[in-house]
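One structure is given here, and the rest of the page talks about it.
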Amino acid sequence: MEPNASNLHSHCVEITMEVHKVVPPPHRSTFQKFKTRLKETFFPDDPLRQFKGQPPKRKWILGAQYVFPILQWGPNYSLKLFKSDIVSGLTIASLAIPQGISYAKLANLPPIVGLYSSFVPPLVYAALGSSRDLAVGPVSIASLILGSMLRQEVSPSKDPILFLQLAFSSTFFAGVVQASLGILRLGFIIDFLSKATLIGFMAGAAIIVSLQQLKALLGITHFTKQMGLVPVLGSVFHNTAEWSWQTIVMGFCFLSLLLLARHVSMKKPNLFWVSAGAPLASVIISTLLVFAFKAQHHGISIIGKLQEGLNPPSWNMLHFHGSYLGLVMKTGLVTGIISLTEGIAVGRTFAALKGYKVDGNKEMMAIGLMNIVGSSTSCYVTTEEYEAQDAEEEGKKHSSLQFVILDLSAVSTIDTSGVSIFSDLKKALEKKGLEMALVNPVGEVMEKLQRWDEGRDILRPDSVYLTVGEAVASLSSAVKCQPSNRA
């Protein structure tokens, strides 16, 4: 035993290293723990951190930039961005005109109110908002809910002035709710919205809005006030005598034109302007046809003359008393939450894709304040809306990439939502002419992707690599072997 022990001892090597002593954390009271949790929940970004140790003048500048983000990015604004914004602005304007008119009709409001709502709120959001890829204006689901909730108590045809007063008042309360959520630092609430919830919400809203358009598409005068599938279809087929074949022909012709323009833009992205200009072109062509053939005398309803001039003040029309106060507060709460959810969720999605950050609390305050100002300038509920054609074209124009490499080394497991993200990301990248490669997906991740990816579109042999270095080397070789004229 001794020789063996001495032999083992002779092979021992003395290793000297610094050993750090690990001590337990200091004791904290329940109040201290609760205070820390509140700070992590309501102030995860610590907005006051940037003011520490700064001179008074610098604090005022930082404070102004925090409240008005335009002061932060404005000095760095370039002529190149200005040229791009002119094109984007003209594109959005061409969409805002027909959208504003149609969404106002959906809310049972005068068409001119929809145009007003596309003018003042964007000016307010430009100074207060932090998202770069969103247009601001009325949206379909908020318009539909606003009109439906108010129509249950007041008839827009019998008492249009009162209905308009309630719409502006509901917009004011919607803005107060939205701004209050931002001031109280409740932006984290949006983080609890799952992807399945948002998809279900948007799909349901699209179905409801589409069903409500059957009234105008078929020329029906007496239509149900309900939004359910059965009542709407019942109203459609019980009033077949009111169907107008002239309205149906014109409606389906322009609907086909819009779908064809969208198809052309999707097949040839460089022709994005075809889809972007189709709505405005449809409005112009239909207006000329109605004027030339006097279509209003042949069963086709028209909007009529629109009021001239900019937004008139409407603070004298806000209704804060009487028996309708509960109605406008309830309508403002519902439409405010729904429009806020849609706007911030879409804004965060595209901010993540473009590589910048959107502050949920700032967005809530910006959207809330623009609705408060809008309610005093003849506007109804507005929020952020993404214009897919503009963002897609900009992504194509500024991107020189061909591959996107995802390193999954740190991802130990994924759920169903996580798996579907890969498919959605792959489709989004393919639209931009990019390809996706995965690096080092661990066992469970690989197993779930294999189970879900039956067509082997994601886990192709040439799109999965062990290390980032191998992926870069392999893809670089593939690029060099391609024809030189490939973009």
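The values are calculated or read from the model by the stated rules, or taken from the named source; none is laboratory data. Just so you know, these numbers come straight off a predicted model, no measurement behind them. When we count neighbours, we look across all protein chains shown, and the Cβ atoms used for this are built from the backbone with ideal geometry, even at glycine.
Can you name the residue in the stretch 237-262 that is polar (S, T, N, Q) and surrounded by 12 or more Cβ atoms within 10 Å (Cβ to Cβ) and, of all such residues, is nearest to Leu217 (Cα to Cα)? Within the stretch 237-262, the match that is nearest to Leu217 (Cα to Cα) is Thr247.
Taking the stretch 217-269 as the search range and keeping residues that are small (Gly, Ala, Ser) and under 27 Å from the mean Cα position of the chain (by Cα), which one is farthest from Ser148 (Cα to Cα)?
Selected residue: Ser265.
Annotation note: Cβ proximity below 7 Å between a residue of the stretch 284-303 that is outside the structural domain of Ile220 (by TED's automatic domain parsing) and a residue that is polar (S, T, N, Q) and in a helix (DSSP H, G or I) (sequence gap 6+ or interchain) occurs for no pair.
For the stretch 320-344, a tally of residues being within 24 Å of Gly137 (Cβ to Cβ) and not in a helix (DSSP H, G or I) returns 0. Each residue in the stretch 116-160 was checked for being aliphatic (A, V, I, L, M), surrounded by fewer than 21 Cβ atoms within 10 Å (Cβ to Cβ) and in a loop (DSSP other than H, G, I, E, B), and 1 of them qualify. The residue pairs whose first member lies in the stretch 77-92 and is under 15 Å from Pro279 (Cβ atoms), whose second member is surrounded by 14 or more Cβ atoms within 10 Å (Cβ to Cβ) and not acidic (Asp, Glu), and whose beta carbons are closer than 6 Å, counting only pairs six or more residues apart or on different chains, are Thr91/Ala276; Ile92/Ala135.
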